[in-house]
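Visitor: I'd like to ask you about the structure that follows.
The values are calculated or read from the model by the stated rules, or taken from the named source; none is laboratory data. Being a predicted model, the structure only gives us computed values, none of them experimental. Every residue, glycine as well, gets a Cβ built from its backbone with ideal geometry; the counts of neighbours run over all protein chains shown.
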Amino acid sequence: MIADSLIVEKGVSAGDAWVSVAPDSIHTALSGLRDDGFRLLVFLTCVDHLADSSKPTWPGRYELVYQLRNMETREQIRVRTFLDGDPPRIDSVHDLFPPANWDERETYDMFGVVFTNHPDLTRILMPDDWVGHPLRRDYPVGGEVVEFSEEHEVWQTPPPRA
Amino acid sequence: MGVEALAESLGQNVLTTTLGKLIGWGRGNSVWPLQFGLACCAIEMIHTATAGVDIARFGSEAMRASPRQADMMIVSGRVSQKMAPILRTIYDQMPEPKWVISMGACASTGGVFNNYALLQGVDKIVPVDVYIPGCPPRPEDLLNALMILQERIKAQGITPRQ
Amino acid sequence: MADATAEGMTDTGTIGQGVTVSRTGEQGAFGGELLTINFGPHHPSTHGVLRLIVDLDGEQVRRLKPVIGYLHTGIEKQAEALRWQQVVVVTDRHDYLSPPFNNLSYALAVEKLLGVDVPPRADALRVIMCELTRISSHLVWLGTSGIELGASTMLMYCFRERDTILDMNEEISGFRMHTSFIRPGGVLADATPRFLDMLDRFCNAMPANIDEYEALLTMNPIFRSRTIGIGRLPAEDAKVLGATGPMLRGSGVAWDLRKSMPYSGYENYDFEIATSDLSDCYGRYLVRIKEMRESVKILRQALDRLPDGPVNIDDRKVLPPPREELETSMEAVIHHFKLFTEGYTVPVGDAYAAVESGRGENGCYVVSDGTHKPRRVKFRAASFVNLQPLERMALNHMVADMVAIIGTADTVLGDVDR
């Protein structure tokens with residue numbers, strides 16, 4: 001398990017247990033979980049909490065979420081960590097979980113999170129010369145403006161900053 | 001093209017119109033599509049090629065993989081930003097006369113997706129002859145489009161296309 | 001690229017478009033250089049727009065790098081701009097061979113956040129649509145794999161059955177492929193008597209059709225020599241690389257979400273997990289054939305035991321009222337209006353739900369910030385993870401085996417690129 005010293009917060013969300021750790025201890029935390037039997041990294045992703053009013057304050061703008069699963073006991077656990085910065089940086093966990101290789105490339109491509117010690121951190125889904133990180137909340141959805149639609153403001157212009 | 005040059009030199013008379021009808025009939029009844037299946041519409045395109053619907057009876061027996069050997073490109077599926085230059089390269093590699101059928105809503109106008117990642121319609125980079133709406137269109141819709149195209153090809157004869 | 005100097009990135013000899021190739025002059029076993037070829041995105045056998053950059057030593061593959069992104073549709077960004085009920089439509093389209101599975105993973109995740117359970121008839125209909133789609137997805141795989149290895153009859157036979165399944169889809173939802181049938185709160189509509197009749201006839205006829213496919217391929221010497229021993233993925237590697245679905249079960253690991261972490265009432269059906277100890281392309285072929293047979297068994301059980309009752313939850317704040325009520329009740333009209341202009345809101349939180357699709361674990365991670373649009377919808381794509389073992393499977397095989405190996409991974413590029 002994760003040593004209690006590393007846990008910042010924990011809880012249960014819609015039936016799944018989660019723990020929150022500091023960004024510097026992500027490698028240690030996940031390594032501890034892996035030794036405990038959570039050997040499958042189900043997914044790794046990022047959530048951008050720009051202008052998110054569901055909580056009064058957020059510990060960081062970018063929330064990295066790792067979902068791990070223990071295939072023997074069928075347990076799942078979600079590990080979160082909050083990042084800030086431009087670009088936000090965190091350790092790569094590809095050495096612990098090989099599927100993280102491409103997941104981290106995708107998170108870098110879509111959000112701009114730099115994973116240190118990643119062997120090949122290049123864009124994976126967008127063309128290599130693309131500027132910007134599309135899934136960030138201040139990146140507009142793009143596409144064509146829909147005429148006479150009252151929603152075209154929402155689609156084309158960036159949402160207000162927090 | 002050789003035949004068009006011959007027609008120019010012969011002038012506008014009954015010889016060239018008969019020749020035009022013959023060539024148009026020949027071209028129209030043997031349109032060889034290029035397999036350009038991108039996404040979901042490609043599966044319906046495969047259905048069109050199979051026994052239940054059978055595009056082969058309309059002359060499109062040989063679905064070529066090489067653009068050098070195909071007359072018609074059926075763009076079936078959504079065209080992403082990364083794929084667009086490749087689509088244009090393939091279109092340029094096809095020899096004249098060539099036609100393009102834009103199959104499905106995504107190829108025609110961007111479809112359900114109005115965002116940064118997709119070309120809002122393949123007609124932004126290649127000239128399209130027939131558009132097929134639908135998401136995905138029925139195999140019979142593709143046959144209908146092929147029949148419309150065949151009418152046009154036969155009517156065109158050997159008049160040079162702009 | 002400014003990012004090339006970010007810390008942690010090693011210089012791997014990138015040229016131009018960020019693609020890693022062997023340096024010129026690298027010697028192969030026969031004394032020549034390694035030849036880099038491009039299995040372009042436009043290729044008849046790559047099951048979609050997949051690009052592989054392959055370093056060859058003579059005919060043998062020494063290094064393989066998949067380049068993806070040619071079908072990137074921005075579905076996750078699109079979902080953030082749509083209301084909760086509208087997202088169902090775009091979920092259909094990422095793994096375009098299994099739309100109900102995608103819908104189901106999204107619906108289960110949202111229902112977890114809403115805290116609702118759908119009625120049993122809805123669960124049964126969901127299982128029916130999912131199993132029908134599993135069969136149709138395996139039929140596409142079988143047909144296209146067959147034709148890529150030269151067995152062109154397979155394409156015709158498999159798509160004939162798939163046409164029957166698509167007719168059933170059309171009967172129940174009006175769409176052949178992207179049914180959007182399963183949505184948070186229940187399903188689109190109840191099954192018509194004609195649908196149940198078609199399903200009954202399908203369940204009776206399908207086992208004989210699967211026998212027909214097996215008669216064509218299973219003991220066929222050409223098929224066997226092209227798939228036995230090709231594309232080995234040992235069980236430990238499969239588990240470490242995160243593979244799921246037939247990629248994992250074809251290596252002998254009996255992990256199937258329908259049995260291990262059941263959802264939608266799968267614990268009530270009697271079926272076996274298909275595994276094979278062969279760990280090669282032939283093993284995965286056997287696994288998928290067996291899965292089709294087991295799906296027919298599940299369909300027969302679901303059809304026979306279809307419970308009566310409503311097919312949607314009775315919550316007017318989430319699902320629109322029936323049309324007859326709109327004529328008499330003012331409240332129904334107001335609910336209808338609110339749902340179709342603003343949409344419902346989902347409590348704050350995040351949830352992950354996974355289903356076992358034809359390819360493996362297709363999951364949906366949904367984050368809600370309490371508004372009527374999602375904050376983040378992330379699709380855990382089975383094909384994205386299943387594509388990573390490709391290099392491991394193709395190493396030291398011949399170029400001609402590449403087609404068999406790409407086919408056996410059964411990746412759908414819409415799922416990989418989203």
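Visitor: Out of A:T73, A:T57, A:T81, report the one residue that is modelled with pLDDT of 85 or more, hydroxyl-bearing (S, T, Y) and over 21 Å from A:R105 (Cβ atoms).
Guide: Numbers: A:T57 fails: modelled with pLDDT of 85 or more; A:T81 fails: over 21 Å from A:R105 (Cβ atoms).
After ruling out the rest, the residue left standing is A:T73.
Visitor: Can you pull out the residues in region A:85-102 that are of a type outside the set (F, W, Y), within 22 Å of C:S383 (Cβ to Cβ) and within 8 Å of chain C (Cβ to nearest Cβ)?
Guide: Narrowing region A:85-102 to residues of a type outside the set (F, W, Y): A:85-96, A:98-101.
Right, trim to within 22 Å of C:S383 (Cβ to Cβ) and you get A:93-94, A:98-101.
Residues satisfying the conditions are A:P98, A:P99, A:N101.
Visitor: Can you list residue pairs whose Cβ atoms sit under 6 Å apart, with the first residue in region B:132-160 being in contact (Cβ under 8 Å) with a residue 12 or more places away in the chain and the second being of a type in the set (S, T, N, Q)? Count only pairs 6 or more apart in sequence or on different chains.
Guide: Short answer, once both residue conditions are applied: B:P139/B:T48; B:L142/B:T48.
Visitor: What number goes with the only condition from (1) crowded, with 21+ Cβ neighbours inside 10 Å; (2) in contact (Cβ under 8 Å) with a residue 40 or more places away in the chain; (3) on the phi < 0 side of the Ramachandran plot that B:K82 does not pass?
Guide: In the conditions (1) crowded, with 21+ Cβ neighbours inside 10 Å; (2) in contact (Cβ under 8 Å) with a residue 40 or more places away in the chain; (3) on the phi < 0 side of the Ramachandran plot, B:K82 misses (2) alone.
Visitor: When you check C:A394 against the structure, is it farther than 27 Å from B:Q81 by Cα, crowded, with 24+ Cβ neighbours inside 10 Å, at the interface with chain A (Cβ under 10 Å from one of its Cβ atoms) and touching a helix residue (DSSP H, G or I) at 6+ places or on another chain (Cβ under 6 Å), yes or no?
Guide: Values: farther than 27 Å from B:Q81 by Cα: yes; crowded, with 24+ Cβ neighbours inside 10 Å: yes; at the interface with chain A (Cβ under 10 Å from one of its Cβ atoms): no; touching a helix residue (DSSP H, G or I) at 6+ places or on another chain (Cβ under 6 Å): yes.
Answer is no for this residue.
Visitor: Of the residues B:R152, B:R138, B:R78, which single one is of a type outside the set (S, T, N, Q), more than 20 Å from B:W32 (Cβ to Cβ) and touching a Phe, Trp or Tyr at 6+ places or on another chain (Cβ under 9 Å)?
Guide: When all the criteria are applied, what remains is B:R78.
Visitor: Please go through (1) under 25 Å from C:M156 (Cβ atoms); (2) in a loop (DSSP other than H, G, I, E, B) for B:N114 and return the number of the only condition it doesn't satisfy.
Guide: Answer for B:N114: the failing condition is (1).
Visitor: Follow-up question, since we're still on this one. Please specify each residue of region B:32-54 satisfying the condition of being within 13 Å of the chain's Cα centre (by Cα) and either crowded, with 20+ Cβ neighbours inside 10 Å or facing chain C (nearest Cβ under 10 Å) (or both).
Guide: Going through region B:32-54, the residues within 13 Å of the chain's Cα centre (by Cα) turn out to be B:32-37, B:45.
Listed by number, the residues that qualify are B:P33, B:L34, B:Q35, B:F36, B:G37, B:M45.
Visitor: Can you pull out every residue in region B:17-31 that is touching a residue at least 60 places away in the same chain (Cβ under 8 Å), hydrophobic (A, V, I, L, M, F, W, C) and in a helix (DSSP H, G or I)?
Guide: Here is the first cut: in region B:17-31, the residues touching a residue at least 60 places away in the same chain (Cβ under 8 Å) are B:17, B:19-21, B:23-25, B:27-29, B:31.
Applying the additional criterion that residues be hydrophobic (A, V, I, L, M, F, W, C) yields B:19, B:23, B:25, B:31.
Matches in region B:17-31: B:L19, B:I23, B:W25.
Visitor: Do the conditions hold for C:D200, that is, is it more than 21 Å from the chain's Cα centre (by Cα), assigned by TED's automatic domain parsing to the domain that holds C:I405 and touching a residue at least 60 places away in the same chain (Cβ under 8 Å)?
Guide: When the stated conditions are applied, C:D200 passes them.
Visitor: In region B:80-111, how many are part of a loop (DSSP other than H, G, I, E, B), of a type in the set (A, V, I, L, M, F, W, C) and out of contact with any Lys or Arg (no Cβ under 9 Å at 6 or more places or on another chain)?
Guide: Applying the first criterion (part of a loop (DSSP other than H, G, I, E, B)) to region B:80-111 yields B:81-83, B:94-98, B:104, B:110-111.
Narrowing the set further to residues that are of a type in the set (A, V, I, L, M, F, W, C) leaves B:83, B:94.
The next check asks that each one be out of contact with any Lys or Arg (no Cβ under 9 Å at 6 or more places or on another chain); those that pass are B:83.
Total meeting the criteria: 1.
Visitor: Consider C:E131 carefully, then state whether it is buried (at least 19 other Cβ atoms within 10 Å of the Cβ), touching a residue at least 12 places away in the same chain (Cβ under 8 Å), under 30 Å from C:D308 (Cα atoms) and among the charged types (D, E, K, R). Step through it out loud before you land on a result.
Guide: Values: buried (at least 19 other Cβ atoms within 10 Å of the Cβ): yes; touching a residue at least 12 places away in the same chain (Cβ under 8 Å): yes; under 30 Å from C:D308 (Cα atoms): yes; among the charged types (D, E, K, R): yes.
Yes: the conditions hold for C:E131.
Visitor: Return yes when C:R380 is modelled with pLDDT under 85 and either within 30 Å of C:D270 (Cα to Cα) or not assigned by TED's automatic domain parsing to the domain that holds C:P246 (or both) and no when it is not.
Guide: Working: modelled with pLDDT under 85: no; either within 30 Å of C:D270 (Cα to Cα) or not assigned by TED's automatic domain parsing to the domain that holds C:P246 (or both): yes.
In short, no.
Visitor: Out of the helices (runs of 4 or more DSSP H) lying entirely within region C:212-313, which hold 3 or more residues that are under 21 Å from C:G358 (Cβ atoms), of a type in the set (D, E) and modelled with pLDDT under 85? Lay out the reasoning, then the answer.
Guide: Values: elements: C:221-227, C:235-240, C:246-249, C:257-260, C:281-304.
Here the list is empty.
To keep it simple, each residue is scored yes or no on (1) farther than 16 Å from C:R300 by Cβ; (2) away from chain B (no Cβ under 14 Å); (3) at pLDDT below 90.
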position	(1), (2), (3)
C:R126	yes, yes, no
C:E148	yes, no, yes
C:M154	yes, no, yes
C:R183	yes, yes, yes
C:L196	no, yes, no
